[in-house]
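What follows is a short report on a single structure.
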Amino acid sequence: MQSKRFNITLSCLVLVFSVESNPRTIVDIPDYPVVFELDRGNTYQFSGQVDDKTVFKSIKLLDYRLKNTKNYWFPDHLEQSHFISAEVDIEINGNPHTLQHRPFQMPVEIDGLRIFVEGIREWNEGSYPQSYAKSFQREVRLSAVLAGHLWGAIDFVFPLKNYRLFANSYNNTWGALVPYNIYYYHRGEDYGLIPDLTEIISPFEGWVLASPLPDGDGRSNAVLIQHNSGIIFRASHMNTQSIDPSITKGSRVIAGQLIGKTGMTWDGRKSQYRDPHFHGELRWGNSDDDHTKIATYPIFVESYFRQYPDKIIAIAGGYYFTEVGKPLELDGTRTLVREGEEIASFEWHLSDGHIVKDSKAEIKYVQAGQYAEELIAKTKSGTTSKSYAHVRVYDKDYDKDISFGWIYHDKPRGVRVGETVRIMNRIKTPVEATTIDFGDGNEVTLSDPEDVFHNYDEPDLYTITVSRIGMRNEPVSAKIAIEVFID
């Protein structure tokens, strides 16, 4: 089968030192990528089947370089920075290549392989949960399939119904720092959703290893489902009343079967008032203290395109972090496009009023705060997609004491003309009134975080913008897109 095309770009920085050891295989099962670890100088012997022929590839790790960014959220006694990307130098059958590791990165096809950087040991050391960092035994973890093969089983089902990727402003993806939190790089996919509305379904046939029914698990109300191959799917943060009563420990499920609805439970209670979301992850090993998390992003993306008809998903790059006066590069080259479609144009609409007609744009900020930068991507066949980079701008006097937050709506796959859409405002610690611009020439002012309702009169792809002045007189904004259509 042919793989979908995805865009990539490369960047760099900072050297580390090597250790001698042997390659380590983590996962090697049918229909999924082989996951393995290498230290610099190690060579992994990859093999795969093409018809009745076995194909061999030698993958050698040469070096890697990490790049970080300043992040004043963390206390003075910690290093006030976090990792944002890495370059990984490898050889495949003696041919040199450089791979990119960063959030929203898809596997790349080179020398007869599709290959992906799952993680780098330094990237994970010190990150919560510690059990994941301890599972690293070599410097770099990679995964690969033969060129033309899917990333995961063809019958793997995207686990959310009636959903559009990154529909709301809260999102955490594989390898990205979870913002406004402890020092934590995400190991799964978080999709922000209004609680108790969106259905979660099983991505495959299997049996329930764990269920929080009937009284909750005192943590994140996780449901774990294991496939016959051994792969485990974990769905978290549901509220017990919205979990299907048939999802009990030991019960059998089929692919696409309802598990429950997305919720807001964490630490045993409905505590996710400002950031309700679905968390989905894949793991190998059923012990909470001894398992390996497998990169979800490529598997979820490919299953999404099998399940939904989207031609393009603009990717503005998620969360960015920078300082006042320092140039920041915004990068839309990770935008996803369906096989057979081509991107015709990119356009950045920046908060300083500039429009940049390119996949990348540079901006400087003159004041600390939270900014939202809009990326518009179009295909040659005429489809438009929008995405938003949410940028945290620091100076040394503005660390944690800056307002931030997210916005949501209840129509991820769009709203009909005349139908009511619910918009949920969750900008933290307001001191001034909040303005919600619906993108159609209408806006409303709110005194506190609350839900607001709106009807659209014309079909279009609109940008909803929430903006206010924060607790230290800094600008705060967030954006999401909504498609309005006629039946």
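The values are calculated or read from the model by the stated rules, or taken from the named source; none is laboratory data. A quick note: this is a predicted structure, and the numbers were derived from the prediction, not measured. So basically every Cβ, Gly included, is an ideal-geometry build from the backbone, and we count neighbours across all protein chains shown. Ligands, DNA and RNA are excluded from the accessible area calculation, which covers all protein heavy atoms including side chains. Shrake-Rupley method; radii C 1.70, N 1.55, O 1.52, S 1.80 Å.
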Please verify whether His390 is crowded, with 20+ Cβ neighbours inside 10 Å, under 25 Å from Pro107 (Cα atoms) and not charged (D, E, K, R), treating the condition exactly as stated.
yes
If you check Tyr183 against the conditions, is it of a type in the set (Ser, Thr, Tyr) and open to solvent by less than 40 Å² (accessible area, probe 1.4 Å)?
no
Out of region 270-292, which residues are buried (at least 19 other Cβ atoms within 10 Å of the Cβ) and of a type in the set (Asp, Glu)?
Asp275, Glu281
Over 30 Å from Thr262 (Cβ atoms), of a type outside the set (S, T, N, Q), crowded, with 19+ Cβ neighbours inside 10 Å and without any contact (Cβ under 8 Å) to a residue 60 or more places away in the chain, is that true of Val140?
no
Selected residue (criterion: nearest to the chain's Cα centre (by Cα)) from residues of region 104-137 that are among the β-branched types (Val, Ile, Thr) and open to solvent by 10 Å² or more (accessible area, probe 1.4 Å):
Val108
Taking region 301-321 and keeping residues within 15 Å of the chain's Cα centre (by Cα), not in a loop (DSSP other than H, G, I, E, B) and not polar (S, T, N, Q) leaves Val301, Glu302, Tyr304, Ile313, Tyr319, Tyr320
Residues Leu10, Leu99: which one is closer than 21 Å to Arg121 by Cα and either open to solvent by 30 Å² or more (accessible area, probe 1.4 Å) or modelled with pLDDT under 95 (or both)?
Leu10
With respect to Gly126, determine if the residue is part of a loop (DSSP other than H, G, I, E, B), of a type outside the set (Val, Ile, Thr) and closer than 19 Å to Lys261 by Cα.
no
Between a first residue in region 53-68 that is closer than 16 Å to Ala147 by Cβ and a second residue that is in a strand (DSSP E or B) and of a type in the set (Ser, Thr, Tyr), which pairs have beta carbons less than 8 Å apart while being 6 or more apart in sequence or on different chains?
Thr54/Ser47; Val55/Ser47; Phe56/Ser47; Lys57/Ser47; Ser58/Thr43; Ser58/Tyr44; Ile59/Thr43; Ile59/Tyr44
It is to be established whether one or more residues within region 246-267 are over 25 Å from Trp207 (Cβ atoms) and over 22 Å from the mean Cα position of the chain (by Cα).
yes
Looking only at region 250-268, which residues are assigned to a strand (DSSP E or B), in contact with a Gly (Cβ under 9 Å, 6 or more places away or on another chain) and open to solvent by 60 Å² or more (accessible area, probe 1.4 Å)?
Arg252
Given the criterion open to solvent by less than 60 Å² (accessible area, probe 1.4 Å) and of a type in the set (Val, Ile, Thr), identify the matching residue among Ile355, Ile402.
Ile402
At pLDDT 95 or above, within 23 Å of the chain's Cα centre (by Cα) and of a type in the set (Asp, Glu) - does that describe any residue in region 195-215?
yes
Can you pull out the residues in region 27-43 that are closer than 14 Å to Asp89 by Cα and either over 26 Å from the mean Cα position of the chain (by Cα) or open to solvent by 70 Å² or more (accessible area, probe 1.4 Å) (or both)?
Asp39, Arg40, Gly41, Asn42, Thr43
From the option list Asp89, Asp76, single residue qualifying as part of a loop (DSSP other than H, G, I, E, B), open to solvent by 20 Å² or more (accessible area, probe 1.4 Å) and on the phi < 0 side of the Ramachandran plot is Asp76
What's the number of the condition Arg334 fails, among (1) farther than 20 Å from Asn171 by Cα; (2) part of a loop (DSSP other than H, G, I, E, B)?
(1)
When only residues in region 295-321 that are of a type in the set (D, E, K, R) and under 22 Å from Val27 (Cβ atoms) count, which is most open to solvent (accessible area, probe 1.4 Å)?
Arg306
